[in-house]
Amino acid sequence: LKKLFDVYWRLPLATPKVFREFVTDEIKKSGIVLNEGKDKNIKNFLLDDGFFERNPRHVKRFITALKFALESVKAQLEELSQSDVANNNDEDIKDQKKSIQEIVDNPDLLAKVLLVQEKFYVVYEKLILYPAEIVNHEKLLRGEGKSEELAIGGKTVLEILEKDGEAVKNYASLINLEPQFTDA
């Protein structure tokens, strides 16, 4: 029809109230169990027009990705629990279980990582190699550091994002959002 008719019609954006209700319903439908604080953090991500632009498809896709990641982590935890019994409570397996349990207990932090992956993939690729840098970014930004000073593996985030200053500010904004991996 686009070839026959040169008329474009766009649906208006949902109002913030309607979109908030939509997000709440989608989280409930997903079956992801969240306490009040973690629910609030994830909703803040989903309601941020800078990340999801009040687009229902983007929200549904993100919630599905989060649910899939959480279920994968839970399955990995169960697998380790079975290995732990078989290996007579091996300390290495206990440490792995503890780390994975932290992910299960903090789905809002997992959502933050997934958001970095989705919106800033080139940064995410570097963070995989240098995961502690996200903590350094939080500390730098909390200490009144500038987003231009953020670096990963000796390269500034500005360089990684190909000198896109707006993208760096958006990344810094995401890193500043609650929840954070560290506290003051």
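Relative to one another, the C-alpha centroids of segment 1-65 and segment 124-184 are positioned 26 Å apart. With both labels modelled 7 Å from their Cα along Cα-to-Cβ, the residue 10 to residue 82 distance reads 5.0 nm. Comparing 64, 24, 15 in a Gaussian network model of the chain (Cα springs below 10 Å), the most mobile by mean-square fluctuation is 15. Apply the Debye scattering formula to segment 1-77, with a single equal point scatterer on each alpha-carbon and no solvent, then give log10 I(q)/I(0) at q = 0.13, 0.14, 0.16, 0.23 Å⁻¹. Those come out to -0.49, -0.54, -0.65, -1.08, one per q. Residue 102 sits among other residues whose Cβ lies under 14 Å from its own Cβ, and their net charge, with Lys and Arg +1 and Asp and Glu -1, is +3. Here residue 105 and residue 20 are evaluated by their C-beta separation; at R0 = 35 Å the FRET efficiency comes out at 0.85. For the chain, the orientation-averaged shadow of the C-alpha convex hull comes to 14.7 nm² (one quarter of the hull surface). Taking only C-alpha pairs under 8 Å that are 6+ residues apart, what is the relative contact order of the chain in percent? Relative contact order here is 17 percent. Semi-axis lengths, largest first, of the ellipsoid equivalent to segment 139-183 are 18, 12, 9 Å, with √(5λ) applied to each eigenvalue of the Cα gyration tensor. Ordering 8, 174, 127 by the projection of their Cα atoms onto the charge dipole of the chain, which places +1 on the Cβ of Lys and Arg and -1 on the Cβ of Asp and Glu, puts 8 at the extreme positive end. Annotation: extensible slack from residue 119 through residue 166 equals 15.7 nm (criterion: 0.36 nm per residue apart, minus Cα-Cα distance). The fraction of accessible area contributed by carbon and sulfur in the chain is 52 percent, rounded to a whole number (1.4 Å probe; ligands and nucleic acids excluded). For the pair residue 65 and residue 3, label points projected 7 Å from Cα toward Cβ lie 3.3 nm apart. Label-to-label distance for residue 130 and residue 148 is 1.9 nm, based on points extended 7 Å past Cα in the beta-carbon direction. For segment 92-184, a Kirkwood hydrodynamic radius built from all Cα pairs, placed in the Stokes-Einstein relation at 10 °C and 1.306 mPa s, yields a translational diffusion coefficient of 115 µm²/s. Among the trypsin sites (Lys or Arg not before Pro) in segment 3-86, those located in a DSSP loop and surrounded by at most 11 other Cβ atoms within 10 Å of their own Cβ are 3, 10. Of all stretches in the chain that contain no GluC sites (Glu not before Pro) in a DSSP loop with at most 12 other Cβ atoms within 10 Å, the longest one is 54-143. Dipole check for segment 33-180: with +1 at the C-beta of Lys and Arg, -1 at the C-beta of Asp and Glu, and the Cα centre as origin, the magnitude is about 480 Debye.
The values are calculated or read from the model by the stated rules, or taken from the named source; none is laboratory data. The shown structure was predicted, so the numbers you read here are calculated from the model rather than taken from an experiment. Positions of Cβ are generated from backbone atoms using ideal geometry, with glycine treated the same way; all protein chains shown enter the neighbour counts. For accessibility, only protein heavy atoms count, side chains too; no ligands or nucleic acids. Shrake-Rupley method; radii C 1.70, N 1.55, O 1.52, S 1.80 Å.
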